[in-house]
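The values are calculated or read from the model by the stated rules, or taken from the named source; none is laboratory data. This is a predicted model, so every value here is computed, not measured. Virtual Cβ from ideal backbone geometry, glycine too; neighbours counted across all protein chains shown. SASA here: full protein model, heavy atoms, side chains in, ligands and nucleic acids out. Shrake-Rupley method; radii C 1.70, N 1.55, O 1.52, S 1.80 Å.
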Amino acid sequence: MLYGTKFRFPVQLDDKIFPTNDPNITVVSFVGKTNLVNQLPTKVTCINDYFKHPIFQSSEISEESSIEGYFCPKKKVLFLYCNNIYDTNTLLMLEKLEFDNLFEKGFLHYFSNLRDTSTRHLIFLFLVSHICVVTNASSSFDLNYIQLFKTLDSVRIKLQSSVAEVLKNVPGLPKDWLTLGRLCSPRVLFYFEQRPPVLDENLKSLQHLMEDQIYRLLRKCRVITNVCTNSLFAIPSNQEFVFFKPKQQDRFAFLLDLLNDTFEIGNENSNDFREFLNQHIVLAQTEGFADNVGRHVGPSIFVLPPARVWFDAAFKLFDFFTNSPANGIKGFQLLRSILDVEGQFSEARCLKVLPLALAAYQENLPSHYSSQYHENKKTQAKALLSSHGRGPAVQKFLGRLDVECDRFWRHGRRMCESASIIGNPCIQPVHRILGEENGDNKLSVLPHMSGVRYVSACSCGRRQANREDPYDVKYANYDFYRLIEEECCGRLRHITFPIFKPSSEHFEAAKLKGSSKSMHFAKDVEKLITATEDLSLGPDENEFPALSVDHLSQVAADEHEDSQTSLGKGEAAEAIDEENMIEITGSTHEQPTISNRDFSTTEYLPCMLHVHSPIGILPRYSSWSLVCLGSSSLYSHNAGLSDQPGFLTGSGFLLPWDIPVRLQHNESNSLEGRRTHNIGYSGKGKRAKQGQHEFTVKVFIGVEYECPRGHRFMSSSPGRVLKATGAGLVKDSAQLITQNDVPLYLPCPCPYNRGGKALIAQLMRLHVVTPKAAVHVTIDPKVRPAPPPCPEFITGFSEPVQLSPSSYWILRFPYVYEDENQIYTLPKESSRAAQHGYLLKGTCGVVELANDRVNSLLLGYVNLQVIMAVDYQPPQCLSRPIEVPEKLLMGAGPSNAAENVLKAGSLPLLGHLHTEFTQIMDDVKQGIQYAFQTKNTLTLAISGTGHAGMEAALCNLIERNDVVLIGINGIWGERAADMANRQGADVRTVTKTAGENFSLADIEAALLQHKPAVLFLTHGESSTGVVQPIEGFGALCTKHNCLLLVDTVASLGGEPFYMDRWQVDVVYTGSQKVLGAPPGTAPISFGPRAVAKIAGRKTPISSFYFDMNWLGNYWGCDSQPRKYHHTAPISSIYALREALALLATEGLENSWNRHRSSRDRLISGLAKLNLKPLASEPAARLTCITAIQVPDGVDWKSVTTHAMSMRVEIAGGLGATAGRIWRVGLMGQNATDERVDRVLEVLADSIKSATTPTTVMGRL
């Protein structure tokens, strides 16, 4: 009996299991739960108890669910048991083994997978077993088995067809097994590991009682039915199926029972598990089970298969249940949905949240964007999915979200991101560049463009323009300056630098040794230049103004003399330093000449010239520029470079360079016989030796740096910024500049750095003012833009360039430097910028002018006296810094602006047609639409105050002789009538006394009488503190074919207003009141009827400035490209945009409630002061401005003056209410309880100081 074989599924069929024959076997399976305190699972204990021998001893667990078996050939019984997560010790050990997996995927996801595998094995056992023993870890029936049994039965039914397909492939399979899909409806027995606390004689009755309870429970829950074939399992109707484990025996009793069992002597224990189980095994082996109940039931199917057939079928079924995917078969899908409730909920939840997360990713996306922006948006979307998603499916859906976001980005939204020379990414969509062979042909051909723009001056420095971030060295050093020179210095005299000149159409770049350039840039530079609208200069000529030679200032005679050559004066002439004296010999050549025969005409240098460049090869273009502005008199050392834009204060001056020289002449051409003091020199010459003439030459030198913002400054010495005195006095000389290496880069002292990282300024120009002397100033620049082994870059001339006398010359340096290996740009760290690159010393020198030109030059200086002076001196007031005190503006406007609004107004200026600014305009337009509560397309901000909005509305709507009805209950109706009269309208009025408003009946009667084309009403009459209800007036005007025009300057944002809902045709407001922006912009909106009125005009609009056809186009209100109309107030638009953003953040409803609450608090405080509002009806009182009646005996002016002395503004009356009222404004930032209390306190104190002692005043 004890000679059997143990095995574990899956196992290969082995003859050791069946040594002699192939018997028909009975299969008994053990399933159930085990407590943590048990060393072995209860199922194993049952098998060991049956054999009275430890068949299974090990409790080691390495799989989440496994099936082990033992075949007893003597009894022809196969015992199976399933070790799975329903055993607590199994779950605990798996948690230790799979901790990383559990931590990564989460408990719910991990546990649902374990339950799925374990439940599949349970179904397998119920399909291949005759008897299933269900173990219970306690003495009571575990009700959780009910749900488990229902789940197994539901899945079994769904899998019947699939199981039949598997069994078809088993040779020799009994037909009944194939038909039923299982051996039989297995008989289930219940084993309880713990016995109840009763006496042994009562245990049998307790077992029967438990059987009755279990049977009724299973029947009621429809786990078992009359026909066992239709059920998962059957319950024996006339045999015991509940067994309670007896008490633990002592060692002697156990050995005695084992002896009796071995030799089959003595009487067996009446309460023995072997006896309990054997009765069912014997019945299965002899007659089979017939557990159907009822009258009309058919015979039961029961199969005792041959062992080899059973193992063959069992292996195939085990493989089917173990390896079939959960989403491939309906039965397993059902199992997953039943077991993994949390997972199903998580899937459903995440499935709903996924579109929201995708929408969050796609919200407010630009047309294309960078990978960093993509990752940031993806992180936001993932955060939304993680916060709203639930359960184990979150990780899977995060992966799906990641894939979807990537797919959305890569399909037409991806930004190019190719780095520019400076390192900024290209903001164009992914594209090809012209001439690129490798790439997706479906991509459009575009130039690289980073969207970053710098401000740079032209070669002569007199005109600034926006520079596109360069992707190409040719654009950086040549094309940009060539384009801007067309409007500035193109007419000036230039020195031509050596460049390649091809002899035929077939030429190529020279192949240089060691060339390993790692950067490739766009070749389509021409297209890039033309696409930037003349380098973003725009149509406004006041933006970066160009300066012509005619506009350069002249200097006075004394300045003229000081700026020219100076001979020694008296004793000063004797003090010439012999050591520093430059001895000059005759020279007859003015500028180096270049012969094309010395250079290749078929190969060009693909980089800039440097000292190690191959001989005889020139670049295709020059990266340098040398231009002559004109006469040396253009520069005044007192006024400095006043005509050069962008210079920092006190830095636009050149440094004087006094050079003592000794001029040698031949006797025939000496200056003897000429008196030097008569020929224009400012001192007397010194005769040193025969054939020599000594004198001092004054040259003005300036080393100019330029930062990316366009700030320019001169250097006083290497590494130092020039700072002249207020009177323009420069104390430094150019001695240190000319005799030392000059840093190529310096941190820019920009006033906008604000303590942050300083921008790096680059040496861009060398200014040289040559003297009126018989000498040439020469320049021979050499630049090393980076530490060694960086080469020294040169101009290409074989000898120094000679500058003509008495001239103002400017040498412009390259913007970037390039050799055959790399491109040299600005250093990354501003702290070490000064040590990065240098302009090497020896750049400037002096040579003698040809003798025949000396005579003509000197003769031309005789009697040269040019005196220029202004008629009026600069006003002294402008020499003082501006002073603006801080006041609490509680009058009728403007109101105090928020700090964010003021900061927005101080942001750097943009061009009025720059893409960034037009985007801000679009933001403003949407903010105005929100404030007016409208969707009107023709919505914009007039460049002007609220009066501009009024006039713009009237001049667009009114034609001559149109009847216009004006509602007058304050000054703004009067102003509107005046403007309408000036437009030639037939003005009719309907009036109310100050403090009252109009009713619908009042207006309807006037409409019937006058039949106007336009009706004007003031929503918030600030001169009287009255609000005019608008609801119903729009429908009334539509009925009478009249346009409704509403003034909301003093009310918008503080009083409810619905333009579309109330059918208002035109509305305008001002920026300085409730919106809290600086004055200067007037939001306005035109409805469809008003737009039709403008389109149907018979005469042109009387004002070009307010013409909505032009303004609507400029503000992007039509489908046409934006055209220049006027230069918008850039900073004011910034501030308006921020003010609208604050209103949108707070919300209109909250703003309305806050203003109403502040108004009510003010009215209550006024009552305590015995003061009355002008508007007697509470409904007629404006929330934003309250008009207060001046009491008798009080001088209103004294009150406002006293309040102003306390830095609080309280306004007086306006128009008809002047002298009768005070006006207190609670608008925008001032509509708070704190400021209401402050104005009441100041008002009380001011009235008290302005009244007689007999006046009775209340107190706060």
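If we keep just the residues of region 174-211 that are part of a loop (DSSP other than H, G, I, E, B) and more than 30 Å from G288 (Cβ to Cβ), which is least open to solvent (accessible area, probe 1.4 Å)? Write out each step before concluding.
Taking region 174-211 first, the residues part of a loop (DSSP other than H, G, I, E, B) are 174, 181-183, 185-186, 193-199.
Checking which are more than 30 Å from G288 (Cβ to Cβ) leaves us with 194-199.
Working: Q194: 93, R195: 44, P196: 17, P197: 137, V198: 52, L199: 105 Å².
Only one residue tops the list, namely P196.
Yes or no: G1034 closer than 18 Å to G946 by Cβ and buried (at least 21 other Cβ atoms within 10 Å of the Cβ)? No. The residues of region 318-377 that are open to solvent by less than 50 Å² (accessible area, probe 1.4 Å) and assigned to a loop (DSSP other than H, G, I, E, B), listed by number, are S324, A326, I329, D340, L365, H368, S370. With respect to the conditions (1) part of a strand (DSSP E or B); (2) under 30 Å from I1210 (Cα atoms); (3) of a type in the set (S, T, Y), T989 falls short on a single one, namely (2). Looking across region 1175-1212, the residues that are closer than 22 Å to F1057 by Cβ and in contact with a strand residue (DSSP E or B) (Cβ under 7 Å, 6 or more places away or on another chain) come down to A1175, A1180, R1181, L1182, T1183, C1184, I1185, T1186, A1187. Taken as a whole, the structure places E1055 among residues that are touching a His at 6+ places or on another chain (Cβ under 8 Å) and among the acidic types (D, E). Note on region 1086-1124: residues that are within 22 Å of D962 (Cβ to Cβ), of a type outside the set (S, T, N, Q) and assigned to a helix (DSSP H, G or I) total 12.
Pick out the one residue from S450, S444 that is polar (S, T, N, Q) and either more than 34 Å from the chain's Cα centre (by Cα) or surrounded by fewer than 20 Cβ atoms within 10 Å (Cβ to Cβ) (or both).
S444
Only one of the numbered conditions (1) open to solvent by less than 40 Å² (accessible area, probe 1.4 Å); (2) modelled with pLDDT of 85 or more; (3) within 26 Å of F149 (Cα to Cα) is not met by Q279, and that is (1).
Hey, could you check region 378-403 for residues that are of a type in the set (A, V, I, L, M, F, W, C) and over 11 Å from C350 (Cα atoms) and say which is least open to solvent (accessible area, probe 1.4 Å)? Working first, answer last.
Initially, region 378-403 is screened for residues of a type in the set (A, V, I, L, M, F, W, C), giving 381, 383-385, 393-394, 397-398, 401, 403.
Retained after the next criterion (residues that are over 11 Å from C350 (Cα atoms)): 381, 383, 403.
Values: A381: 0, A383: 56, V403: 92 Å².
So, considering only residues that are of a type in the set (A, V, I, L, M, F, W, C) and over 11 Å from C350 (Cα atoms), the one least open to solvent (accessible area, probe 1.4 Å) is A381.
Residue count for region 1203-1220, restricted to those that are under 18 Å from E886 (Cβ atoms), part of a helix (DSSP H, G or I) and not aliphatic (A, V, I, L, M): 1.
Regarding W1115, is this residue among the aromatic types (F, W, Y), in contact (Cβ under 8 Å) with a residue 24 or more places away in the chain and surrounded by 21 or more Cβ atoms within 10 Å (Cβ to Cβ)? Judged against the criteria, W1115 is a match. When you scan region 954-969, do you find a residue that is in a helix (DSSP H, G or I), open to solvent by 70 Å² or more (accessible area, probe 1.4 Å) and either polar (S, T, N, Q) or at pLDDT 95 or above (or both), even just one? No: region 954-969 contains no residue that is in a helix (DSSP H, G or I), open to solvent by 70 Å² or more (accessible area, probe 1.4 Å) and either polar (S, T, N, Q) or at pLDDT 95 or above (or both).
Taken over region 144-156, residues that are in contact (Cβ under 8 Å) with a residue 60 or more places away in the chain and open to solvent by 30 Å² or more (accessible area, probe 1.4 Å) amount to 2.
Counting just the residues of region 631-684 that are at pLDDT below 55 and hydroxyl-bearing (S, T, Y), which one comes out surrounded by the fewest Cβ atoms within 10 Å (Cβ to Cβ)?
Filtering region 631-684 for residues at pLDDT below 55 gives 665-684.
Still in the running and hydroxyl-bearing (S, T, Y): 668, 670, 676, 681-682.
Details: S668: 6, S670: 16, T676: 17, Y681: 23, S682: 16.
Here the residue is S668.
What residue, of S139, S129, is surrounded by fewer than 17 Cβ atoms within 10 Å (Cβ to Cβ) and either among the polar types (S, T, N, Q) or more than 60 Å from the chain's Cα centre (by Cα) (or both)? Full working, then the answer.
Working: S129 fails: surrounded by fewer than 17 Cβ atoms within 10 Å (Cβ to Cβ).
Just a single option satisfies the conditions, and that option is S139.
Quick grid of which residues meet (1) part of a strand (DSSP E or B); (2) buried (at least 17 other Cβ atoms within 10 Å of the Cβ); (3) modelled with pLDDT under 90:
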| residue | (1), (2), (3) |
| --- | --- |
| G702 | yes, yes, no |
| M714 | yes, yes, no |
| K723 | no, yes, yes |
| L729 | no, no, yes |
| D732 | no, yes, yes |
| L746 | yes, yes, no |
| R754 | no, no, yes |
| L763 | yes, yes, no |
